[in-house]
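First the structure, in the form of structure tokens, and then the observations on it.
The values are calculated or read from the model by the stated rules, or taken from the named source; none is laboratory data. Source: prediction; values computed, not measured. Using ideal geometry, Cβ is built from the backbone for each residue, glycine included, and neighbour counts are taken over all protein chains shown. When the accessible area is computed, the model is the full protein with side chains, heavy atoms only, and any ligands, DNA or RNA have been set aside. Shrake-Rupley method; radii C 1.70, N 1.55, O 1.52, S 1.80 Å.
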Amino acid sequence: MQFVDEASIIVEAGNGGSGCLSFRREKYVPKGGPDGGDGGHGGSVYLIGDDALNTLIDFKYTRFYKAQNGAPGQGRQMSGKAGDDLHVKVPVGTTVIDEDTLEVIADVTEAGQVVQVVQGGRRGLGNIHFKSSTNRAPRRTTPGTPGERRNLRLEMKVMADVGLLGLPNAGKSTLIRAVSAAKPKVANYPFTTLVPNLGVVKLGMHEHFVMADVPGLIEGAADGAGLGLRFLKHLTRTRLLFHVVDVAPFDESDPVEAAQAIVHELGQFSPALAERPRWLVLNKLDLLPEDEREEKVADIVRRLGWDGPVFRISAISHDGTDVLVQAAYRWLTEQRTLENEDEEAREREMEMRRRMEEEAVARTEARLGRKRRRDEDDDDDFDDDDYDVEIEYAP
């Protein structure tokens with residue numbers, strides 16, 4: 001299945017049905033009166049979180065969604081049928097943004113979460129509502145109001161607890177294959193991973209967490225180079241980052257410079273994401289002689305000035321991976337417990353998420369602004385005067 005994590009759609013609620021102008025006409029009933037019924041309310045459009053979906057590909061082919069209109073009222077005080085609401089399923093982790101105002105309408109973070117995105121039109125009133133002692137035959141009704149219409153942008157971010165960060169070929173895909181049932185493509189060339197991959201890491205009964213692998217970053221990613229920047233947003237949902245570093249690159253480049261480049265690009269992309277807890281995972285130690293490993297690790301840690309957790313692994317042989325995932329599970333469990341018991345810790349987490357969401361909206365606004373400017377520049381290339389033709393009439 002093709003991975004699509006962004007889509008633009010149009011949603012339109014149903015119009016309200018108009019009220020009816022009608023008078024009672026029955027045999028043997030000499031005195032009639034107004035009996036026009038009301039119209040029906042228009043249907044609304046709702047988005048529903050569905051954890052069975054993992055891509056927005058359906059919205060690539062169907063971009064217009066409209067709820068049913070309300071039926072007009074009828075005589076004999078019969079109201080029109082209300083329009084059916086339209087329920088549209090979206091993947092869990094979808095952010096809904098109004099493209100015109102750049103307002104974040106909702107963040108769908110749970111399966112079954114229901115979000116109303118446009119309201120159906122109100123029904124019109126029949127002439128029965130306008131009768132009075134001085135107006136016994138009113139000919140007044142009200143029309144139904146139109147339903148709301150919005151241009152929406154859907155941005156999906158995968159829901160994961162741990163995110164893998166690093167250069168292409170650092171061994172991120174091999175690591176997620178080693179600790180979960182995920183089977184991303186692995187090969188000995190850069191950019192093997194083209195889309196995010198999710199894997200469930202199981203440690204025991206009811207003990208598991210979700211890990212996300214995204215395409216590798218390269219230097220200049222914050223300016224649009226490579227693939228990683230587009231998918232780096234998926235890490236904003238995570239609580240913990242594994243910074244995977246290849247200690248023995250095949251091109252003999254410096255692992256320290258590679259790690260520093262990733263940290264720089266991360267800060268350029270999202271200062272809030274750069275503040276997330278991050279563990280240094282030194283991979284491919286099996287490629288180094290045993291008597292050189294500790295010296296190499298100590299040199300990398302010293303030159304990075306790293307004072308956080310350090311893990312030594314070989315993903316391909318599973319060496320050290322059990323220790324890594326068990327430590328991650330313990331840390332995640334402690335964090336959840338802390339947030340449940342400590343209001344200050346919970347507020348810090350909510351503030352972090354709010355900052356990252358604001359950064360995401362700013363990036364979307366900048367991207368849409370550039371698109372609008374390009375469209376305006378294209379329009380400027382054409383002018384009505386370009387098609388004016390001067391005609392001379394010969395005498």
Picked from segment 307-333 (must be of a type in the set (V, I, T) and surrounded by fewer than 13 Cβ atoms within 10 Å (Cβ to Cβ)), the residue farthest from N169 (Cα to Cα) is T333
Across segment 1-33, the tally of residues that are free of Cβ contacts under 8 Å to residues at least 12 places away in the same chain and at negative phi stands at 7
All conditions in (1) out of contact with any Gly (no Cβ under 9 Å at 6 or more places or on another chain); (2) under 16 Å from A170 (Cβ atoms); (3) basic (K, R) are true of R278 except (1)
T134 meets each of (1) under 22 Å from I57 (Cα atoms); (2) at pLDDT 85 or above; (3) hydroxyl-bearing (S, T, Y) with one exception, condition (1)
Restricting attention to segment 272-300, the residues that are open to solvent by 70 Å² or more (accessible area, probe 1.4 Å) and under 26 Å from E334 (Cα atoms) number exactly 1
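Residue-wise test of (1) assigned to a loop (DSSP other than H, G, I, E, B); (2) touching a Gly at 6+ places or on another chain (Cβ under 9 Å); (3) open to solvent by 10 Å² or more (accessible area, probe 1.4 Å); (4) over 30 Å from Q113 (Cβ atoms).
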residue: Y28; (1), (2), (3), (4): yes, no, yes, yes
residue: G40; (1), (2), (3), (4): yes, yes, no, no
residue: I48; (1), (2), (3), (4): no, yes, yes, no
residue: L53; (1), (2), (3), (4): yes, no, yes, no
residue: Q68; (1), (2), (3), (4): yes, yes, yes, no
residue: A71; (1), (2), (3), (4): yes, yes, yes, yes
For segment 247-258, pairs from a residue that is within 21 Å of G305 (Cα to Cα) to a residue that is assigned to a helix (DSSP H, G or I) and open to solvent by less than 30 Å² (accessible area, probe 1.4 Å), with Cβ under 7 Å and 6 or more apart or across chains, are V247/P255; V247/L285; V247/I300; P249/P255; P255/I300; V256/I300
Only one of R336, R303 is farther than 22 Å from V200 by Cα and open to solvent by 30 Å² or more (accessible area, probe 1.4 Å), namely R303
Filter result for Q77 (modelled with pLDDT of 95 or more and out of contact with any Pro (no Cβ under 6 Å at 6 or more places or on another chain)): no
Quick count over segment 119-166, residues being open to solvent by 70 Å² or more (accessible area, probe 1.4 Å), polar (S, T, N, Q) and over 32 Å from the mean Cα position of the chain (by Cα), is 2
Counting only residues in segment 106-118 that are closer than 18 Å to F59 by Cα and open to solvent by less than 70 Å² (accessible area, probe 1.4 Å), the one farthest from the chain's Cα centre (by Cα) is identified as V118
Result of the Cβ filter at 6 Å on segment 48-64, keeping first residues that are without any contact (Cβ under 8 Å) to a residue 40 or more places away in the chain and partners that are small (G, A, S) and open to solvent by 100 Å² or more (accessible area, probe 1.4 Å), at least 6 apart or interchain, is none
Over segment 171-198, the set of residues modelled with pLDDT of 85 or more, closer than 18 Å to T238 by Cβ and not in a helix (DSSP H, G or I) is S180
(1) in contact with a strand residue (DSSP E or B) (Cβ under 8 Å, 6 or more places away or on another chain); (2) at positive phi all hold for R63 apart from (2)
Of the listed residues (R330, R355, R346, R293), the one being at pLDDT 75 or above, more than 35 Å from the chain's Cα centre (by Cα) and in a helix (DSSP H, G or I) is R293
